[in-house]
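One structure below.
All of the numbers you see were taken from the coordinates with simple rules; none came from a lab. Being a predicted model, the structure only gives us computed values, none of them experimental. Cβ placement follows ideal geometry from the backbone for every residue including glycine, while neighbour counts extend to all protein chains displayed.
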Amino acid sequence: EPEVTQTPSHQVTQMGQEVILRCVPISNHLYFYWYRQILGQKVEFLVSFYNNEISEKSEIFDDQFSVERPDGSNFTLKIRSTKLEDSAMYFCASRPTGTGEAFFGQGTRLTVV
Amino acid sequence: QKEVEQNSGPLSVPEGAIASLNCTYSDRGSQSFFWYRQYSGKSPELIMSIYSNGDKEDGRFTAQLNKASQYVSLLIRDSQPSDSATYLCAGLPSYNFNKFYFGSGTKLNVKP
């Protein structure tokens, strides 16, 4: 069964460093999302992406963050100058046209030390 | 402000019982709703979607949507210990497919 895959599963980085989280959405899906979940808190929307551009972003998604679809399969989230409060699980999701059903990857646990 | 509200629980039910999970939403423009199951430390897993008023059944799961009262529910029949997880309700407005609104989730404990 097709699935969204994310790498790495766990990333530890020093405060101030840049990280890139990678996602391979399901192949025939056209809508992509990044969400994050701080430990013990709710799933928070970061950004949605369609037709090679950002379709919506939250107030969390400031200049520190960027997304890119560098090729036909990968979808990346870059976090510049990481802060301690960026520590969270980051989830990528994708969905096809014609349905609202979004499927999540297994997540990347980002720990900023 | 579009919100999806859930009781955080925990909801405890004995094995074999029916678990009833509820969600209310504030945005009347939300037309599509989804239930996700999330085990501790794992990602949300889609288990049900519902788009119209009434009930939708899939195996042991039944989703219910009442747009007039703005609530969504999930019934789990013959609950199993493996159903113990946090259940997330999510809404998607018909006028904006760019953003799902998640509730904070209800933790379900099924006791053997």
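Observations on the structure shown:
- Check on B:GLN31, surrounded by 12 or more Cβ atoms within 10 Å (Cβ to Cβ), of a type outside the set (Gly, Ala, Ser) and farther than 16 Å from A:GLU101 by Cβ: no
- Hey, B:ASP78 out of contact with any strand residue (DSSP E or B) (no Cβ under 9 Å at 6 or more places or on another chain) and farther than 29 Å from A:TYR50 by Cα or not: yes
- Residue in the stretch A:41-60 that is nearest to the other protein chains (Cβ to nearest Cβ), counting only those that are part of a loop (DSSP other than H, G, I, E, B) and either acidic (Asp, Glu) or touching a Ser or Thr at 6+ places or on another chain (Cβ under 6 Å) (or both): A:LYS42
- Identity of the residue in the stretch B:90-112, in a strand (DSSP E or B) and in contact with a helix residue (DSSP H, G or I) (Cβ under 8 Å, 6 or more places away or on another chain), that ends up nearest to the other protein chains (Cβ to nearest Cβ): B:LEU108
- Any hit, the stretch A:7-19, residues being away from every other protein chain (no Cβ under 14 Å), under 24 Å from B:GLU45 (Cα atoms) and of a type in the set (Val, Ile, Thr): no
- For the stretch B:1-41, the set of residues classified as assigned to a loop (DSSP other than H, G, I, E, B) and among the polar types (S, T, N, Q) consists of B:GLN1, B:ASN7, B:SER8, B:SER26, B:SER40, listed by residue number.
- Looking only at residues of the stretch A:87-113 that are of a type in the set (S, T, N, Q) and closer than 18 Å to B:LYS42 by Cα, we find that the one that is nearest to the other protein chains (Cβ to nearest Cβ) is A:GLN106.
- Residues of the stretch A:61-97 that are part of a strand (DSSP E or B) and of a type in the set (Asp, Glu): A:GLU68 alone.
- Among the residues of the stretch B:68-89, those identified as more than 26 Å from A:GLU44 (Cβ to Cβ) and in a loop (DSSP other than H, G, I, E, B) are B:ALA68, B:SER69, B:ARG77, B:ASP78, B:SER79, B:GLN80.
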